[in-house]
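Read through the structure below, which is laid out as structure tokens, and then see the notes.
The values are calculated or read from the model by the stated rules, or taken from the named source; none is laboratory data. Since the structure is predicted, the reported quantities are computational estimates derived from the model, not experimental observations. Cβ coordinates were reconstructed from backbone atoms using ideal geometry, including for glycine residues, and neighbour counts include every protein chain displayed. Accessible surface is based on the protein model in full, side chains and every heavy atom, while ligands, DNA and RNA are left aside. Shrake-Rupley method; radii C 1.70, N 1.55, O 1.52, S 1.80 Å.
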Amino acid sequence: MSRQVMAAAVTAVQDYLRYLQGIGVTELPLASEVVVASSGASSQERLVQLEASVRGCTQCQLHTGRTQVVFGAGDPAADLVFVGEAPGRDEDLKGEPFVGPAGQLLTRIIEAIGLRREQVYILNVVKCRPPNNRNPRPEEVAACRPILQAQLDCLQPRVICAMGAFAAQSLLQTEERISRLRGRFHMLGAIQVMPTYHPAYLLRNPQEKRTVWQDMQAVQRVLALQ
Ligand code: SF4
């Protein structure tokens, strides 16, 4: 590893620790149950191994109320990954992200930019359903972070669409409001991240559909889907 790469990695870790401190995390889990697959495996094989390794995860208290871990779904070779907050009731029961009414709206958004749902990958920041659909707590986000990071390392998408304040702030390690983050790309390593409003918010605020459409058109342009 070159000195510059090492320095960038150290800076990234320092930024992440500062972010965790800022959102109130005072302890990190000692060990992750995430299995790092052999380096010879393809990204798809590593993703399958990763999913198997986290199926019984007990790294945070959310494991006590879940039906199952909702790992993610879609094409492991996708250029575009959608990231949401956490599974809800429908997702917890089915084991797939975004299958309820918000998920149906997400499917229509994906189709509006000329793709099918099976051509993208969809996942959440936190893999287990929080009780009564409360927001995940900082320590739960921190516990689940190695899984998210390992997923993104396997997927290596060109673009991430971060849906809602929670996903955008967690990915970009900022407390900036979604209304200020959306509408422009942010870099996460080599990945371009477009924050936009969550489909569940759109269901409650249909007047924002035009705003989300502007964000999705920017994604469409970067991926040259037009
Ligand atoms: Fe493990 Fe993440 Fe589920 Fe917590 S939310 S138990 S860290 S998979």
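For the stretch 29-222, what does the accessible surface come to per residue with a 1.4 Å probe? Please give it in Å². Please report the intermediate quantities before stating the final value.
On the way: 9120 Å² over 194 residues.
Counting only protein heavy atoms, the per-residue value for the stretch 29-222 is 47 Å².
How much net charge surrounds Arg158 when only the other residues with a Cβ under 14 Å from the Cβ of Arg158 are counted, with Lys and Arg +1 and Asp and Glu -1? Write down the numbers at each step before the final one.
Details: positive: Arg221; negative: Asp75, Asp79.
Cβ neighbours under 14 Å give a net charge of -1.
So how much slack lies between Gln156 and Lys94, counting 0.36 nm per residue of separation and subtracting their Cα-Cα distance, in nm?
Working: separation 62, 0.36 × 62 = 22.32 nm, distance 2.59 nm.
The Gln156-Lys94 span can extend by a further 19.7 nm.
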**Request:** Figure the gain on full extension for Ala112 and Ser179 (residue separation times 0.36 nm, minus the Cα-Cα span) and round it to one decimal in nm.
**Result:** 21.9 nm
**Complete:** In the stretch 117-219, the GluC sites (Glu not before Pro) that sit in a DSSP loop and have at most 13 other Cβ atoms within 10 Å of their own Cβ are Glu175, Glu176
**Request:** Could you rank Glu111, Glu96 by how accessible they are, 1.4 Å probe, largest area first?
**Result:** Glu111, Glu96
**Prompt:** Label Val48 and Arg221 with points 7 Å out from Cα along Cα→Cβ: what is the distance between them in nm?
**Reply:** 4.0
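Please give the length that would be gained between Arg204 and Leu188 if that part of the chain were fully extended, namely 0.36 nm times their separation in residues minus their C-alpha to C-alpha distance (nm, one decimal). Intermediate results must be reported in sequence, preceding the final value.
Values: separation 16, 0.36 × 16 = 5.76 nm, distance 2.95 nm.
Full extension from Arg204 to Leu188 adds 2.8 nm.
First select every other residue whose beta carbon is under 12 angstrom from the beta carbon of Ala102; then total the charges, Lys and Arg +1, Asp and Glu -1. Spell out each step's value before the answer.
On the way: positive: Arg89, Arg108, Arg204; negative: Glu85, Asp90, Glu91.
Residues close to Ala102 contribute a combined charge of 0.
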